[in-house]
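A short write-up of the structure that comes next.
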Amino acid sequence: MSYAGAPQPPHAVGPPFQRKIRKVGAPLALIIVLGTVTGLIVILLTAANPVGTAIGFALSSVAMTIVVLAYLWLDRWEPEPPRLLVLAFLWGTSVAVVISTVLQLTLEAAINPGQTETVSPISIVLGAPLTEEAAKGLFLLLMMTGRRRNELNSMTDCLIYAGLVGAGFAWLEDILYIGGGESISDSLATAALRLIMAPFAHSLFTTMFGIGVYFALQQRNAAAKAGCILLGYAGAVIMHGLWNGSSLLSVEAYFLTYIFWMVPVFALAIVLGVQSRRREQRIVAEKLPGMVAAGLVTPNEATWLGSMRSRKQAIGQAAQFGGKPASKGVKNFAAQVVELAFVLDRIDRGFGDPRVFALQQEEVSAIAAARAAAPALQGLPGYRPP
């Protein structure tokens with residue numbers, strides 16, 4: 001069974017790849033390694049300042065939990081693989097921290113040789129943004145390669161991965177700064193400044209890189225791709241540098257930067273994320289008629305698969321008469337329809353190649369398998385066999 005929607009170019013009917021295209025995840029061993037590195041860093045900080053680190057750990061964990069939940073809320077329409085989300089956060093807490101720390105120490109030693117008690121303003125305003133945004137953005141570059149590319153279907157996906165990497169980095173950095181206070185009052189003051197005013201700061205910086213990656217994925221020319229990525233990186237560095245620099249000038253400059261720069265950009269990022277998720281729903285709604293014509297989706301299912309509210313209601317109805325297994329089956333079916341819709345969108349935009357067409361056929365098979373595993377679909381009002 002294949003999709004019978006928009007016409008495909010002649011090479012679309014060629015033989016698919018023999019190797020099965022598997023769903024993307026993250027190796028459990030890699031997650032364990034990065035988690036171990038994170039744990040060792042926290043242990044070292046605790047050994048240096050047990051009380052301050054404990055305060056930082058508790059408060060930073062609460063603040064970053066809110067940040068992570070915000071990104072998971074944004075991820076409701078096309079949920080990303082859980083292991084990849086965990087990997088993104090752990091990348092920020094481990095790889096990005098280690099890489100940026102090593103580079104910053106090297107840069108500081110070259111700029112300010114022999115000094116261990118003071119940090120050069122150049123390192124704060126330029127060195128830290130350059131190294132930290134590069135280390136965080138490296139995860140997004142990794143996501144552009146191999147099977148992982150299939151998970152970057154929209155601007156929303158890029159924002160989510162960028163945000164979680166930034167949240168992971170901020171979590172550990174906040175523990176470091178809060179734990180470095182000379183007294184409990186100093187630690188609490190630092191926590192108030194960092195966690196109340198700017199818990200989303202690092203995520204916001206990396207969002208610029210994520211936007212660059214999204215536009216790079218829309219380009220066919222390698223130079224254009226590189227240009228988009230570099231512009232995104234430059235945006236992240238500039239935002240980070242302005243934020244760090246304002247703290248060196250004065251308290252007034254810091255608060256003015258926060259009110260007239262950080263808050264408006266943060267508001268724009270929220271609007272961008274919400275609009276991107278609405279665009280995801282429009283893409284699915286546009287592809288549903290073709291799926292109905294191909295017999296992949298019934299006309300009744302098409303009435304609720306293109307809307308988040310209607311989809312939630314259908315899943316709730318399944319839960320009423322079939323419990324959690326029924327709702328999970330319907331939810332998985334809906335998720336597979338969304339996955340196929342994004343693959344079809346890539347083809348319709350001219351990005352179809354043999355591998356994408358092979359992925360299309362696999363997603364079609366996955367929908368059939370998801371339907372077979374979700375008998376609760378037959379219990380929904382207005383059901384007609386496909």
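The values are calculated or read from the model by the stated rules, or taken from the named source; none is laboratory data. All values reported here derive from a predicted model rather than from experimental measurement. Using ideal geometry, Cβ is built from the backbone for each residue, glycine included, and neighbour counts are taken over all protein chains shown. Ligands, DNA and RNA are stripped out before the accessible areas are found, and what is left, the full protein with its side chains, is counted by its heavy atoms. Shrake-Rupley method; radii C 1.70, N 1.55, O 1.52, S 1.80 Å.
With respect to P81, determine if the residue is within 28 Å of M143 (Cα to Cα), out of contact with any Pro (no Cβ under 7 Å at 6 or more places or on another chain) and surrounded by fewer than 19 Cβ atoms within 10 Å (Cβ to Cβ). Step through it out loud before you land on a result.
Details: within 28 Å of M143 (Cα to Cα): yes; out of contact with any Pro (no Cβ under 7 Å at 6 or more places or on another chain): yes; surrounded by fewer than 19 Cβ atoms within 10 Å (Cβ to Cβ): yes.
Spelling it out, P81 is indeed within 28 Å of M143 (Cα to Cα), out of contact with any Pro (no Cβ under 7 Å at 6 or more places or on another chain) and surrounded by fewer than 19 Cβ atoms within 10 Å (Cβ to Cβ).
Hey, does the range 230-253 have a residue that's closer than 17 Å to S203 by Cβ, open to solvent by 30 Å² or more (accessible area, probe 1.4 Å) and of a type in the set (G, A, S)?
So far as the range 230-253 goes, no, none of its residues is closer than 17 Å to S203 by Cβ, open to solvent by 30 Å² or more (accessible area, probe 1.4 Å) and of a type in the set (G, A, S).
Report, by residue number, each residue of the range 101-136 that is of a type outside the set (V, I, T), open to solvent by less than 20 Å² (accessible area, probe 1.4 Å) and at pLDDT 90 or above. Working first, answer last.
In the first step, residues of the range 101-136 are kept if they are of a type outside the set (V, I, T); the result is 103-105, 107-110, 112-115, 117, 120-121, 123, 126-130, 132-136.
Retained after the next criterion (residues that are open to solvent by less than 20 Å² (accessible area, probe 1.4 Å)): 120, 123, 127-129, 132-133, 135-136.
S123, G127, A128, P129, E132, E133, A135, K136 - these are the residues of the range 101-136 that are of a type outside the set (V, I, T), open to solvent by less than 20 Å² (accessible area, probe 1.4 Å) and at pLDDT 90 or above.
Could you give every pair whose Cβ atoms fall below 8 Å, whose first residue belongs to the range 291-311 and is of a type in the set (V, I, T), and whose second residue is open to solvent by 40 Å² or more (accessible area, probe 1.4 Å) and outside any loop (DSSP other than H, G, I, E, B), counting only separations of at least 6 or pairs across chains?
Going by the 8 Å Cβ cut-off, the qualifying pairs are V292/P299; T298/V292.
Touching a residue at least 60 places away in the same chain (Cβ under 8 Å) and touching a Lys or Arg at 6+ places or on another chain (Cβ under 6 Å) - does that describe any residue in the range 26-43? Full working, then the answer.
Residues of the range 26-43 touching a residue at least 60 places away in the same chain (Cβ under 8 Å): 26, 34, 37-38, 41-42.
Pick out the ones that are also touching a Lys or Arg at 6+ places or on another chain (Cβ under 6 Å) and you get 26.
Checked against the condition, which is being touching a residue at least 60 places away in the same chain (Cβ under 8 Å) and touching a Lys or Arg at 6+ places or on another chain (Cβ under 6 Å), the range 26-43 yields at least one hit.
Can you give me the number of residues within the range 314-342 that are under 26 Å from the mean Cα position of the chain (by Cα) and either within 24 Å of M155 (Cα to Cα) or not charged (D, E, K, R) (or both)?
Residues of the range 314-342 that are under 26 Å from the mean Cα position of the chain (by Cα), as a first pass: 315, 327-342.
Now narrow it down to the ones that are either within 24 Å of M155 (Cα to Cα) or not charged (D, E, K, R) (or both): 315, 327, 329-342.
Looking only at that region, the number is 16.
Yes or no: the range 297-310 includes at least one residue that is surrounded by fewer than 12 Cβ atoms within 10 Å (Cβ to Cβ), among the polar types (S, T, N, Q) and out of contact with any Ser or Thr (no Cβ under 6 Å at 6 or more places or on another chain).
Filtering the range 297-310 for residues surrounded by fewer than 12 Cβ atoms within 10 Å (Cβ to Cβ) gives 309.
Still in the list and also among the polar types (S, T, N, Q): none.
Among the residues of the range 297-310, not one is surrounded by fewer than 12 Cβ atoms within 10 Å (Cβ to Cβ), among the polar types (S, T, N, Q) and out of contact with any Ser or Thr (no Cβ under 6 Å at 6 or more places or on another chain), which makes the answer no.
How many of the residues in the range 335-355 are open to solvent by less than 40 Å² (accessible area, probe 1.4 Å) and of a type in the set (F, W, Y)?
Pass one, the range 335-355, residues open to solvent by less than 40 Å² (accessible area, probe 1.4 Å): 335-347, 352.
Pick out the ones that are also of a type in the set (F, W, Y) and you get 342.
Looking only at that region, the number is 1.
Can you name the condition, by its number, that A223 falls short on among (1) surrounded by fewer than 23 Cβ atoms within 10 Å (Cβ to Cβ); (2) within 20 Å of Y161 (Cα to Cα)?
Unmet for A223, out of (1) surrounded by fewer than 23 Cβ atoms within 10 Å (Cβ to Cβ); (2) within 20 Å of Y161 (Cα to Cα): (2).
Please go through the range 96-108 and pick out each residue that is out of contact with any Asp or Glu (no Cβ under 8 Å at 6 or more places or on another chain) and under 13 Å from E173 (Cα atoms).
Matches in the range 96-108: V98, T101.
Looking only at the range 137-182, count how many residues are part of a helix (DSSP H, G or I), over 29 Å from V274 (Cβ atoms) and open to solvent by 30 Å² or more (accessible area, probe 1.4 Å). Show your work before the answer.
Just the residues of the range 137-182 that are part of a helix (DSSP H, G or I), to begin with: 137-143, 146-151, 155-179.
Those left that are additionally over 29 Å from V274 (Cβ atoms): 146, 175-179.
Narrowing the set further to residues that are open to solvent by 30 Å² or more (accessible area, probe 1.4 Å) leaves 146, 176-177.
Residues in the range 137-182 being part of a helix (DSSP H, G or I), over 29 Å from V274 (Cβ atoms) and open to solvent by 30 Å² or more (accessible area, probe 1.4 Å): 3 in total.
Any residue at all in the range 6-23 that's of a type in the set (V, I, T), surrounded by 15 or more Cβ atoms within 10 Å (Cβ to Cβ), out of contact with any His (no Cβ under 6 Å at 6 or more places or on another chain) and at pLDDT 95 or above?
Here is the first cut: in the range 6-23, the ones of a type in the set (V, I, T) are 13, 21.
The next check asks that each one be surrounded by 15 or more Cβ atoms within 10 Å (Cβ to Cβ); those that pass are 21.
Checking the rest, the ones that are also out of contact with any His (no Cβ under 6 Å at 6 or more places or on another chain) come to 21.
Pick out the ones that are also at pLDDT 95 or above and you get none.
Within the range 6-23 (the criterion being of a type in the set (V, I, T), surrounded by 15 or more Cβ atoms within 10 Å (Cβ to Cβ), out of contact with any His (no Cβ under 6 Å at 6 or more places or on another chain) and at pLDDT 95 or above), the answer is no, since none of the residues qualifies.
Residue-wise test of (1) at pLDDT below 90; (2) open to solvent by less than 70 Å² (accessible area, probe 1.4 Å); (3) hydrophobic (A, V, I, L, M, F, W, C).
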{"position": "F357", "(1), (2), (3)": "no, yes, yes"}
{"position": "E362", "(1), (2), (3)": "no, yes, no"}
{"position": "A366", "(1), (2), (3)": "no, yes, yes"}
{"position": "A370", "(1), (2), (3)": "no, yes, yes"}
{"position": "A376", "(1), (2), (3)": "no, yes, yes"}
{"position": "L380", "(1), (2), (3)": "yes, yes, yes"}
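When the residues of the range 84-136 are narrowed to those that are not in a helix (DSSP H, G or I) and not small (G, A, S), which ends up nearest to L164 (Cα to Cα)? Talk me through it step by step, then tell me what you get.
As a first pass, look at the range 84-136 and keep what is not in a helix (DSSP H, G or I): 94, 112-120.
Those left that are additionally not small (G, A, S): 112-113, 115-119.
Numbers: N112: 33, P113: 35, Q115: 34, T116: 32, E117: 32, T118: 31, V119: 28 Å.
Per the criteria, the residue is V119.
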